[in-house]
Ligand SMILES: [Zn+2]
């Protein structure tokens with residue numbers, strides 16, 4: 001499971017570019033627009049790291065990060081940090097470090113049990129808290145996992161389902177985007193070598209209607225953010241993940257809107 005999360009994180013570092021250019025008007029420069037990323041664990045933001053860095057540096061945009069758990073069960077043998085409160089304390093600091101590197105606001109960690117979403121009572125509490133948090137922030141766009149959970153993780157899948165459930169009630173913005181791994185970036189040999197423990201298939205490129213180019217500097221800040229998660233990755237693994245993400249993605253973030261729609265090159269402009 002840890003391996004899967006590791007690989008997934010790496011994959012997220014880059015997201016391929018191809019230019020789906022559509023007739024889009026330039027975003028209004030005056031009003032502040034809010035981008036909210038919602039994930040399950042500290043380090044999940046790696047999936048959208050370059051994207052978050054790209055918007056965090058854009059004038060007139062604020063980027064927030066909500067993480068449902070403290071990741072207290074993400075114990076990695078190499079780190080020798082016990083699962084539970086000790087690891088949670090470390091990962092809370094790592095999340096803050098990563099957010100700072102990306103340029104987002106301080107992360108909002110909701111503290112729900114890592115791996116505990118399958119309990120109905122917990123799931124109900126997560127749903128209620130997420131809805132209230134989203135309303136409090138009032139985002140113009142939300143980035144989260146798709147139904148495949150980024151790379152299959154059950155917690156990721158449930159966060160995606162909850163955010164989508166809230167969006168489809170029209171209680172919040174309908175502008176919800178799934179950060180996805182493009183099939184074009186995962187050649188069969190590479191996909192087979194990753195050995196995801198949970199069921200996972202990359203998303204066909206034809207469904208990835210939102211493609212956002214980012215710069216080498218955005219990718220570098222995402223790499224810096226990944227470096228914060230020292231309880232989860234060795235330096236060698238971080239380098240491996242960086243190479244992998246560079247292979248899968250080509251300086252473009254691939255996303256898709258939960259409810260379909262035209263091709264876009266911006267999270268805000270429809
Ligand atoms: Zn995760």
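Descriptive notes on the structure:
Listed here are the residues, each with its yes/no results for (1) touching a helix residue (DSSP H, G or I) at 6+ places or on another chain (Cβ under 7 Å); (2) at pLDDT 95 or above; (3) part of a helix (DSSP H, G or I).
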{"site": "135", "(1), (2), (3)": "no, yes, yes"}
{"site": "139", "(1), (2), (3)": "no, yes, no"}
{"site": "144", "(1), (2), (3)": "yes, yes, no"}
{"site": "164", "(1), (2), (3)": "no, yes, yes"}
{"site": "169", "(1), (2), (3)": "no, yes, no"}
{"site": "191", "(1), (2), (3)": "no, no, yes"}
{"site": "200", "(1), (2), (3)": "yes, no, no"}
{"site": "206", "(1), (2), (3)": "no, yes, yes"}
{"site": "211", "(1), (2), (3)": "no, yes, no"}
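- Extreme residue, surrounded by the most Cβ atoms within 10 Å (Cβ to Cβ), among residues of the range 158-175 that are within 16 Å of the ligand (Cβ to nearest atom) and without any contact (Cβ under 8 Å) to a residue 24 or more places away in the chain: 160
- Qualifying residue in the range 82-97 (condition: touching a helix residue (DSSP H, G or I) at 6+ places or on another chain (Cβ under 6 Å) and under 26 Å from residue 181 (Cα atoms)): no
- Flag set for residue 202, criterion: touching a strand residue (DSSP E or B) at 6+ places or on another chain (Cβ under 7 Å), within 29 Å of residue 91 (Cβ to Cβ) and free of Cβ contacts under 8 Å to residues at least 60 places away in the same chain.
- Options 68, 127, 106; residue that is in contact with a helix residue (DSSP H, G or I) (Cβ under 8 Å, 6 or more places away or on another chain) and touching a residue at least 60 places away in the same chain (Cβ under 8 Å): 68
- Lone unmet requirement of (1) under 30 Å from residue 211 (Cβ atoms); (2) surrounded by fewer than 24 Cβ atoms within 10 Å (Cβ to Cβ); (3) more than 16 Å from the ligand (Cβ to nearest atom) for residue 94: (3)
- Residue match in the range 176-184 (condition: farther than 26 Å from residue 247 by Cβ, touching a residue at least 60 places away in the same chain (Cβ under 8 Å) and more than 16 Å from the ligand (Cβ to nearest atom)): yes
- Boolean, residue 257 is surrounded by fewer than 16 Cβ atoms within 10 Å (Cβ to Cβ) and touching a residue at least 60 places away in the same chain (Cβ under 8 Å): no
- Among the residues listed as 88, 48, 83, 53, the single one being within 13 Å of the ligand (Cβ to nearest atom) and either farther than 17 Å from residue 230 by Cα or surrounded by fewer than 22 Cβ atoms within 10 Å (Cβ to Cβ) (or both): 48
The values are calculated or read from the model by the stated rules, or taken from the named source; none is laboratory data. Given the structure is predicted, the values throughout are model-derived calculations rather than measurements. Neighbour counts are summed over all protein chains in view; Cβ atoms, including those assigned to glycine, are modelled from backbone coordinates with ideal geometry.
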